[in-house]
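Here the structure is laid out as structure tokens; the discussion comes afterwards.
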Amino acid sequence: MARRAAALALVTALGCTQGAADEPTPTPTPTPSQDAGGAVTADVPVLRPRTVQEIPGHESIAQDTAPKEAPRLVPVEALMRSYMTLFGGLSPLQLQTRLRGSGGNLFDTWNDYLSALGVPDYAADIPRNEQTNALMLAAFERIGVALCDRAVESDLAAMPPTQKVVFRFDLPANRAVTDAEFATRFDVLHRLFFGYPASLAPPERLPRFRQLLRDAAARRATQPANAPGFNATRASWAVVCYAFVRHPEFHLY
Amino acid sequence: MRYRYAAGVLALMMSAGVAPQVADAVPTREAYRFFRSLSIDLQGRMPTPEEVAAFERPDFNLDAWIDQRLTGPRYAERLRRIYMDRMRLEVGSNFGFVSNPIVLRRVRVRDPNNNLVDVYYRRSQRRNRAETDADFCLTQAESGIRVANNGTIDGTATPVAADVWGARTVALRPWWLYRDYRNTNPSQRVAPNANSDAVEFEPVAALMNEPDGRTPTVSVRVCREEAQTAPTGRVYLSGRTTNPPRGTPLPGNRFNNPPLDSAYARAHPTDMVSCTAGTGVSMSDQCGCGPGLERCMPGASLGNDPPAFVLPNNMPLGPDVPLDNVAQAQSEWARFWWSQEAVRFLDDLFGNDRDVREVLTGRQTMVNGPLSQFYRTMAGSTCCGNGTNFDYVEPVSLFEPAQVPADLVPQDTNTWRRVADRGPNAAGVLTMPIFLAKYGTRRARAHIVYQAFLCREFVAENVELTPSEEPNLMVRSGCATCHTTLEPLSSYFTRVTESGWTFLPAQRFPAENTACARRGTSISGICGSFYDPQFANSTRGLLRGAYGSVANADAGPAGLARAVTAMPEFSQCVASNFAESFLGRALGPEDSALVTDLTTALRNGNYRSRALVRALLRADAYRNANNLGSDTWRQGAMP
């Protein structure tokens, strides 16, 4: 509504600066009708939005009805609840503690990210941010990466798959997964993050993620075995997880 | 499209406990994504693998699944966000509800045993000693320190004599330390749950412990007048009618002159006044803070807005799962719960599928312990100021205190009770403190109603603004286009004071008042606070804000609610607001058919939100709301 009002104000302003006699008359603010006592009553004429074809001279112009707005972003509240659910049903403060981990370098506090995530601040009259921006994406990434790292630490340890929250599968011991083994495990993650089987995804997605796993493992293999951080297997699955939480399909709906 | 699981995938799913019952009954990608959208909008999160597995079963009933979600708390939260996003019903510290009649500040003195003790007092407390009237109850001669009402202290604390200590102060067990504070001997001491993240009743540590920071406070020391519990007090006449000449030593070496007797006090020297009204506190030395000091808010310092309670700064997912919990100034306590009242009111409305028009017209509300305390004992503290010139000393409330649940105590932060009827002046969110604080002026209040509930905006016409002394904006060139509409709408709020919630009843404040008629070029000074000299004539004065419409002024916010919800634009606006929120984009002309359909669904569904949401979720526009680019749409692809 505000955007439409702004557009109308712009039209009005343009009409003012151009001052052409044949410019359309600016539309004044619609006035609810009033009775004799001045009370606003219900017999207000309905204002109907006009289509493009109703504007003189536009009757035969083809109309592009494709959506012009940006893709629909998952509301930040739903995103936070999703993080809480997907990563083990924790409360935000528990999740914050987990995200900070022992080092505290990956994540600070939720409050540091709220503005970037687009959370509205009603008290300060800052509206919900429904469009992505660089800061928002960086914040999404930071949280997602931290969550993935914590999930790798817990899920890829030896425990029954039913107790795992993200990597709900086992990995073969002492060797890399085969293509077929990767595909089945990729499907588990795909259903977790995107809500549908990997087989329904665009066909290039599986090989891309497969290659990502290989590349991440190879890069880690070039470092000393005692280098800090994850080993090659864990590092490569963490990177796959990063790719899911960074993917546009995760943040849009 | 049919899909059969690869054997490996199925085995993994079975090991994780999320396997479908029928392996080849998997829906299309579009159906999965539709289900994901429904989960995000109705459950407030993405679906879990278990829910996706359930969705894949051939006997999955999507309609039943949707209907089940339309009764849940996340659904109510989803709809509430639509209106909270539009009205933004929170206020920050720029709205400092620091009402002197209710704020207890404290001064650190030395008791007769030379121990440091905090003594609570309120700045406006009337006392029958000129040395301490409306000031701290111990003079500099008695305590060694001189306390200014701006929070500064002179001198060094010295032990107070035992007889003075006993005569001027009292020890008691207050409401912020004891749940059973109304009992003769309270014993149920407050014990915040340190293991809980949720918002709960938690005074700051300084209120819970003695000055040593370790010893739990068992009772507090308070000035004797503040400890009084009577509901009414007799008007106090000090005999002071004028201030002494400048330079005259002030009694007790106090910083400021003691208060003078008001005109009302002089005219009503034997009257009894309510101790829950601000005028009662300012006119009677018999009005205290009530049983357990329940009419007053504690503060852990002498500052203007002292720290009092632990509350979150941010909780986008609600008070059960806040993102932090920190010590806050006492005024935040009221602001926080006012906002939560609106949240709970909207949740109740949408969660129980009440008539959406009740957002504006409903006389019901939701209260918990802190809100019950506020409406019962503190809301009247802002009344009645200069209204005493019109003999207005007993507040007529937007929320009648008698309707407040009597059994709720301030510690009941998580117990919410529905109040069916706040009283005849109540009107949905329009008469809630959070709305009236957020939108402080009559015009601001009218404007947000115009925006949020009629989906309209004021747009200035294209005319040259010329200098004018015309006070009537409905006729002044360049202003009239908007104000012809805005002023009559604003008039509905004539009887609610600006930046507050004090109601101005017609009995005391007739919209047209002959006593406030113009005399020469102005009106009487006592009229000026409430009557507008610009619109007074020789026969009557006009209540401020009523010039847009006297009828609307007398109809009040409830009249505005009735008028707005009767307009056809109201239901169209509800439909548009819901559609914009669920589609995640502004609507355009191409959406007019959708809005018409949704409006019809709302009206045919007796203005129940579920009927509207069901229609919206089944609309192609929602199913096709996509995360693909416009190019894909132009090429005819489905998302």
*Return the total of residues in segment B:346-357 being within 15 Å of B:Ala566 (Cβ to Cβ) and surrounded by fewer than 20 Cβ atoms within 10 Å (Cβ to Cβ).*
1
*asked:* Can you tell me which residue is farthest from the chain's Cα centre (by Cα) among those in segment B:381-400 that are modelled with pLDDT of 95 or more and more than 14 Å from B:Leu504 (Cβ to Cβ)?
replied: B:Glu400
*asked:* Return the residues of segment B:319-328 that are within 13 Å of another protein chain (Cβ to nearest Cβ) and either over 24 Å from B:Trp176 (Cβ atoms) or not in a loop (DSSP other than H, G, I, E, B) (or both); say none if nothing qualifies.
replied: B:Val321, B:Leu323, B:Val326, B:Gln328
*If you take the residues in segment B:91-108 that are surrounded by fewer than 19 Cβ atoms within 10 Å (Cβ to Cβ) and of a type in the set (Gly, Ala, Ser), which one is modelled with the lowest pLDDT?*
B:Gly96
*When both residues are 6+ apart or on different chains and their Cβ atoms are under 7 Å apart, which pairs have a first residue that lies in segment B:576-600 and is more than 9 Å from chain A (Cβ to nearest Cβ), and a second that is polar (S, T, N, Q) and surrounded by fewer than 20 Cβ atoms within 10 Å (Cβ to Cβ)?*
none
*May I ask you to list the residues in segment B:606-629 that are at pLDDT 95 or above and open to solvent by less than 20 Å² (accessible area, probe 1.4 Å)?*
B:Ser609, B:Leu612, B:Val613, B:Leu616, B:Leu617
*Looking at this structure, is B:Val326 more than 20 Å from B:Pro401 (Cβ to Cβ), among the β-branched types (Val, Ile, Thr) and touching a residue at least 24 places away in the same chain (Cβ under 8 Å)?*
no
*Return the only residue of B:Val574, B:Val564, B:Val475 being over 30 Å from B:Gly96 (Cβ atoms), open to solvent by 40 Å² or more (accessible area, probe 1.4 Å) and among the hydrophobic types (A, V, I, L, M, F, W, C).*
B:Val475
*Do we find a residue being in contact with a Pro (Cβ under 8 Å, 6 or more places away or on another chain), hydroxyl-bearing (Ser, Thr, Tyr) and open to solvent by less than 20 Å² (accessible area, probe 1.4 Å) anywhere in segment B:511-532?*
no
*Some residue of segment B:266-276 being open to solvent by 40 Å² or more (accessible area, probe 1.4 Å) and within 14 Å of chain A (Cβ to nearest Cβ)*: no
*Return yes or no: is B:Ala342 open to solvent by less than 10 Å² (accessible area, probe 1.4 Å) and touching a residue at least 60 places away in the same chain (Cβ under 8 Å)?*
yes
*(1) over 30 Å from the mean Cα position of the chain (by Cα); (2) at pLDDT below 95; (3) open to solvent by 60 Å² or more (accessible area, probe 1.4 Å): which one isn't true of B:Ala191, the others all being true?*
(1)
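The rows are residues; the columns are (1) hydroxyl-bearing (Ser, Thr, Tyr); (2) away from chain A (no Cβ under 14 Å).
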position: B:Thr484; (1), (2): yes, no
position: B:Ser491; (1), (2): yes, no
position: B:Glu498; (1), (2): no, yes
position: B:Arg508; (1), (2): no, yes
position: B:Ser538; (1), (2): yes, yes
*asked:* Yes or no: segment A:191-212 includes at least one residue that is buried (at least 21 other Cβ atoms within 10 Å of the Cβ), within 12 Å of chain B (Cβ to nearest Cβ), among the aromatic types (Phe, Trp, Tyr) and over 23 Å from the mean Cα position of the chain (by Cα).
replied: no
*Take B:Ala157 and decide whether it is part of a loop (DSSP other than H, G, I, E, B), over 30 Å from B:Ala277 (Cβ atoms) and touching a strand residue (DSSP E or B) at 6+ places or on another chain (Cβ under 7 Å).*
yes
_I need a count of the residues in segment B:440-470 that are closer than 30 Å to B:Leu430 by Cα, part of a loop (DSSP other than H, G, I, E, B) and not aliphatic (A, V, I, L, M)._
7
*Taking segment A:119-175, which residues are surrounded by 17 or more Cβ atoms within 10 Å (Cβ to Cβ), of a type in the set (Gly, Ala, Ser) and assigned to a loop (DSSP other than H, G, I, E, B)?*
A:Ala123
*Within segment B:233-248, is there a residue that is surrounded by fewer than 18 Cβ atoms within 10 Å (Cβ to Cβ), touching a Ser or Thr at 6+ places or on another chain (Cβ under 8 Å) and either outside any loop (DSSP other than H, G, I, E, B) or outside the structural domain of B:Thr132 (by TED's automatic domain parsing) (or both)?*
yes
*Conditions: (1) over 30 Å from B:Pro307 (Cα atoms); (2) buried (at least 21 other Cβ atoms within 10 Å of the Cβ). B:Arg88 meets all but one. Number of the miss?*
(1)
*When segment B:549-558 is examined, which residues are found to be more than 16 Å from B:Leu430 (Cα to Cα) and either open to solvent by 10 Å² or more (accessible area, probe 1.4 Å) or not assigned by TED's automatic domain parsing to the domain that holds B:Thr497 (or both)?*
B:Val550, B:Ala551
*Which one of A:Phe230, A:Phe209, A:Phe186 is touching a residue at least 60 places away in the same chain (Cβ under 8 Å) and not aliphatic (A, V, I, L, M)?*
A:Phe230
*Tally time: how many residues in segment A:133-171 are within 15 Å of A:Tyr242 (Cβ to Cβ) and of a type outside the set (A, V, I, L, M, F, W, C)?*
7
*Answer yes if at least one residue in segment A:196-219 is under 22 Å from A:Asp155 (Cα atoms) and not in a helix (DSSP H, G or I), and no otherwise.*
yes
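The values are calculated or read from the model by the stated rules, or taken from the named source; none is laboratory data. None of these values were measured; they are calculated from a predicted model. Neighbour counts are summed over all protein chains in view; Cβ atoms, including those assigned to glycine, are modelled from backbone coordinates with ideal geometry. For the accessible areas, the whole protein counts, side chains as well, though only heavy atoms, and no ligand, DNA or RNA atoms are used. Shrake-Rupley method; radii C 1.70, N 1.55, O 1.52, S 1.80 Å.
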